[in-house]
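Structure, as structure tokens:
The values are calculated or read from the model by the stated rules, or taken from the named source; none is laboratory data. Quick caveat, the model's predicted, so the values are computed rather than measured. FYI the Cβ positions are ideal-geometry reconstructions off the backbone, even for glycines, and counts take in every protein chain you see. Just so you know, the surface numbers come from the protein's heavy atoms only, side chains and all, with ligands and any DNA or RNA stripped out. Shrake-Rupley method; radii C 1.70, N 1.55, O 1.52, S 1.80 Å.
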Amino acid sequence: MPKFQFVLLIHGHQPVGNFDNVIEQAYAHSYLPFVRLLEKHPKIGIGLHFSGCLLEWIEKAHPEYFELLRSLTARGQVEMVGGGFYEPILISIPPEDRREQIDRLGDYIEKHFGQRPRGGWLTERVWEPQLPSTLAAAGIHYTLVDDNQFLSAGFEPSQLRGAFVAEDMGACVHLIPGLKLLRYLIPYRDPSETIGFLRTAAAEYPGGFIATGDDCEKFGVWPGTYEHCYRDGWIERFYAALEREHEWLEMATPGDAVVSHVPLGRADLPSASYDEMMEWALPTPARLRFESIEKEFSSRPDMQPFLRGGIWRSFMAKYPEANLLQKKMLHVSAKIRRLALSRRRGNAFHAARESAESLLLRAQCNDPYWHGVFGGVYSPHLRTAPWRALAEAEAIADGLTHRDALWAESKSCDYDADGREEICFTSGTYSAVLCPADGATICALDFRPSNVTLINSIARRVEAYHSRLKNLASGGPQGAVSIHEQMRAKEPGLEKLLRYDRWARHCFRTLVFPANQTFGDYEQLRLDAQPGIAAGTYAASELSETGVTLCHKAANGWHTRKKISFSPRDGLFELSGDLELLGAAPATAQVGIEMVLNFLAPNETDRYIEAGGERHPLRWSASVPGSELRVVDLYQNAAVTLSAPGAREFWVSPIETVSDSEDGFERVYQGSQILAVWPAEIKAGDTWRGGLSLKVERAR
């Protein structure tokens, strides 16, 4: 009788743009000790997947680690598993880029470890029914998805004792169900519970196999797990427990298990990911209702498979900032693909195009496109890495397309795929996206000479976990529990920062609000600004290569006219927003034009706000006399000078979110909102005029 097999597929990844010291700690606390312990137990065979960007970091920082991996792969104890090189969500990127991502990691693994991978790790286990065509064409024989995807399709838990076949347009790939129960047993419960579960499964399905896939970081990086796994010896006990059962149980690599077992049948699965991810993808009101329903049916395991959240694509609707980044990636990808049709030849052209393609692939790393306990849409440094790569890639592609150094162009298109047209302005020194349907604001602005994205902020919005934060007192660390179950705050008083934006954090938003409101109201997001002027739909006219005029008529009779214009110059550009307001009745008010800038590091001395000859940290909050202000980033080599002739004051306030992470609730600086403020006595039929301009140049 063949032995029952247990397949363990371990995945390691660090986001593009993550800090070296963070990756180094993960290496020391997880990647290195995990594999060293594995070396001591040669009967424990596993699948091991590291993203290409993490492998590149390890190759440079710890080349000796590759020797250890080579020895384990040579003796068949470790199977290196492929996937997308930069760990993209495959369904979020163009098919051509999917193939390139998979091929690059396959080439890398084959070069360094001697074998081309048979399997592919599916980033965040995000599955959609059309993926077999992508995977099979790239030579991927199998992948792992979570068991909940099988259960929601009508499979019984007892059926998930091997691999199945998924097909799309005649292309097939083997699907291995990864069991959620094992994810929660390992490494949090005593090893005997895992052994007991495996023993029961072996009795029910002799000769089959059971699998689970999970993050290597849970063995040493997640809170409390380093002490639990290594100091307290959980992994050592786990391996020893598995080895003691050798008479009936065998640890197998995923590729060997798939090859040695006949598929159990066909599996046509819905679009899905792991349970937690699908819950995170829901809009906040729906997520709160979903949590209540889950509690209501917690005693009904027969109902659990049919309680499903959203799909991964839902993050594009939940977080417009993630959608904008993803659509920027798609636009840049299309530009780079068009270069392949060019008749231009020569080494310089091909080298530039390949550089742009590599930058594009880096920008497809999944982390900044979503948010849960993991996911980095709330992490500015993780958002900045793809934005910066895309800014550089697009500048290269445009530079190869346009021969004139002082070229400029504009076009109207539905840039972010929301059913409303935006206007794109580009030149050798800038790239910008203007949103007529959102108050004629600018949602994206790149300074190309330094490859810096200047806005890159995020709106403060209600999250489902905010209700838990309000009831949480900051306490000491917990023991080793799943990050999905823990609750902790990284500092006290975070609940006081829970305030929410009315509008997206874009630039050149016009705020008309009562004369008695103050800087304190602005700081606390209490301005009673007229919504039609601030976020209404403007009609565009007089569009040129470097500017546009936009008009709006509010229901209360206010007429607003904006003129946005760019002046590109060698190595810098100026951006002007001129405003005209015509009131239907006399009004005493204040008029503000808002800018949002994010230079990331609020406490570093090489990033600062300069006002009245004095320097202040980015997290500075104050009201200062107008009419000029400068924001400087020496690290990224960009400086922005704001000029608002006649403005009485600049109101400056940090944008700070409170988000959840694997380390607990945390405060994150998302940039600064800067409002140029004018007092306005507007008579009926009179026109009020003002304007704000930016000069963007290198800081050094």
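Seen through its C-alpha gyration tensor, with square-root eigenvalues sorted a ≥ b ≥ c, segment 245-379 comes out oblate because a/c lies at 1.5 or above while a/b is not bigger than b/c. Evaluate E = 1/(1 + (r/R0)^6) for residue 347 and residue 406, where r is the Cβ-Cβ distance and R0 equals 41 Å; express this FRET efficiency to the nearest 0.05. Efficiency, from the Cβ-Cβ distance: 0.95.
Quick check: net charge around residue 620, other residues with Cβ under 12 Å of its Cβ, Lys/Arg +1 and Asp/Glu -1?
After counting each charged neighbour, the total is 0.
Taking all protein chains into account, the per residue accessible area for segment 383-481 stands at 34 Å² (1.4 Å probe). Relative to the current alpha-carbon distance between residue 354 and residue 628, full extension at 0.36 nm per residue lengthens the span by 94.4 nm. Candidate membrane-span-like segments in the chain, meaning DSSP H helices with Cα atoms spread over at least 24 Å of their own axis and a Kyte-Doolittle mean of 1.0 or above, do not occur, with no membrane implied either way. Summing +1 for each Lys or Arg and -1 for each Asp or Glu among the other residues whose beta-carbon sits under 10 angstrom from that of residue 436 gives -1.
Restricting to segment 96-194, compute how many DSSP beta bridges are antiparallel as a %, nearest 5.
Working: 5 of 11 bridges.
Counting only bridges with both partners in segment 96-194, antiparallel ones make up about 45 percent.
Length available on full extension from residue 112 to residue 521: 0.36 nm per residue minus the Cα-Cα distance, which gives 141.4 nm.
Residues 142, 500 ordered from highest to lowest accessible area at a 1.4 Å probe: 500, 142.
In the full protein context, segment 575-700 carries 37 Å² of accessible surface per residue, based on a 1.4 Å probe and ignoring ligands, DNA and RNA.
Surface analysis of segment 173-221 yields an accessible area of 31 Å² per residue, using protein heavy atoms and a 1.4 Å probe. Under the rule a/c < 1.5 gives rounded, and otherwise a/b versus b/c splits prolate from oblate, where does segment 1-125 land using the Cα gyration tensor? Because a/c hits 1.5 or more and a/b fails to exceed b/c, segment 1-125 counts as oblate.
Accessible area of the chain with a 1.4 Å probe: how many percent of it is carbon plus sulfur? Within the chain, the accessible surface is 50 percent carbon and sulfur. When 633, 103 are compared by accessible area at a 1.4 angstrom probe, the order from most to least is 103, 633.
So, counting K/R as plus one and D/E as minus one, what does the shell of residues with Cβ under 15 Å around residue 77 add up to? Summing Lys and Arg as +1 and Asp and Glu as -1 gives -1. At a Förster radius of 22 Å, what calculated FRET efficiency corresponds to the Cβ-Cβ distance of residue 237 and residue 25, to the nearest 0.05? After rounding to 0.05, the efficiency reads 0.35. Against the compact-protein benchmark of 2.2 N^0.38 Å, the Cα-based radius of gyration of the chain scales to 1.04. Accessible surface of residue 503, taken over heavy atoms with a 1.4 Å probe and every protein chain present, rounds to 40 Å².
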